[in-house]
Amino acid sequence: MLMSLVAAMLLLSPAESERVEYVIEQMIQRGLSRQDAEVLFADNRLQLLPQRDVQQRTIDWDQVIAGLVAPASVKQGSEFLARYEDSLANAETQFGVDRRALTALLRLESNLGKNTGNYSTFNVFYTLLTRQEEERRWRWAADNLAALAAFCKNMMSDCFQVRGSYAGALGAAQFLPYSLSQFGADGNGDSVVDPFLMEDAIASAANYLAKHGWQEDQTRALGKYYGSSQGYPRAVLAYAEALRKAENSSQAASTPIQ
């Protein structure tokens, strides 16, 4: 069921209405018709999500790394390397990013695609759009809303059915919609970038790292991906090295003694 856009806008403050109009203009620039853009904001499923009381916490990266390099975790990564061998090899060749590092990144981001979130992504960014006071922050949410709407249009999917993390990140590689529009890459050759397909998630992560200087400084590139160089790059590289050692041990064990 849809309410009229006029009725929906009446529920907003003047400042919020101005922000919605800004998003609609951004959606139009990305290829939506005004009618298609307005329908999204007149949908009865549009809602503000409850505020989360997020406690500031310090991540114990040494503890994270200890869990990552534990045998069961390494076995999980090794199985992923085997399952997506072709996609990882293609990404390594095309973008120059080591397949073990890509596996490690996906392990940290979503447990190799197992934990991608179940929040309505459109409502995540709509909530941020209306609640953020700083202009740069609500415009950031607006840009992601517009990119998400364009993605849904290209995929012919229902925007309110797209699910992601509480921060609005999508798929195994946890790409924000705006970043996906800039750095998403087609990993399976169908000319579509779908963050929910593992092949595309692998290629997109590799492309992002390559574009952010992987060849020159891996730590810096991983810091850009995560948003901070505090611990995350070290964890990714530690897990990648553990996968490398497991691979070498497996090869040595299978080599006949002369």
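The values are calculated or read from the model by the stated rules, or taken from the named source; none is laboratory data. In this text the structure is predicted, and so the values were computed from the model without any measurement. Counting neighbours? That spans all protein chains shown, and the Cβs are built from the backbone with ideal geometry, glycine included. The protein model used for the area step is the full one, side chains on, heavy atoms only, and it has no ligands, DNA or RNA in it. Shrake-Rupley method; radii C 1.70, N 1.55, O 1.52, S 1.80 Å.
Side notes on the structure shown:
- Elements of type helices (runs of 4 or more DSSP H) in the range 68-172, at least 3 residues being open to solvent by 10 Å² or more (accessible area, probe 1.4 Å) and more than 30 Å from L40 (Cα to Cα): 71-83, 85-95, 99-110
- Pairing residues of the range 77-96 that are among the small types (G, A, S) with residues that are modelled with pLDDT of 95 or more and outside any helix (DSSP H, G or I), at Cβ distances under 6 Å and at least 6 apart in sequence or on separate chains, gives S87/G187; G96/Q215.
- Failed item in (1) open to solvent by less than 100 Å² (accessible area, probe 1.4 Å); (2) closer than 30 Å to A101 by Cα, with Q63 passing the rest: (1)
- The set of residues in the range 226-245 that are of a type outside the set (A, V, I, L, M, F, W, C), assigned to a helix (DSSP H, G or I) and open to solvent by less than 30 Å² (accessible area, probe 1.4 Å) comprises Y232, P233, Y239.
Matching residues to (1) in contact (Cβ under 8 Å) with a residue 40 or more places away in the chain; (2) within 21 Å of A240 (Cβ to Cβ):
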{"residue": "L108", "(1), (2)": "yes, yes"}
{"residue": "R137", "(1), (2)": "no, no"}
{"residue": "K153", "(1), (2)": "yes, no"}
{"residue": "L180", "(1), (2)": "no, no"}
{"residue": "D186", "(1), (2)": "no, no"}
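- The range 86-141: number of residues that are farther than 25 Å from V64 by Cβ and among the basic types (K, R): 4
- Filter result for the condition that a residue is under 14 Å from the mean Cα position of the chain (by Cα), polar (S, T, N, Q) and assigned to a helix (DSSP H, G or I), over Q182, Q251: Q182
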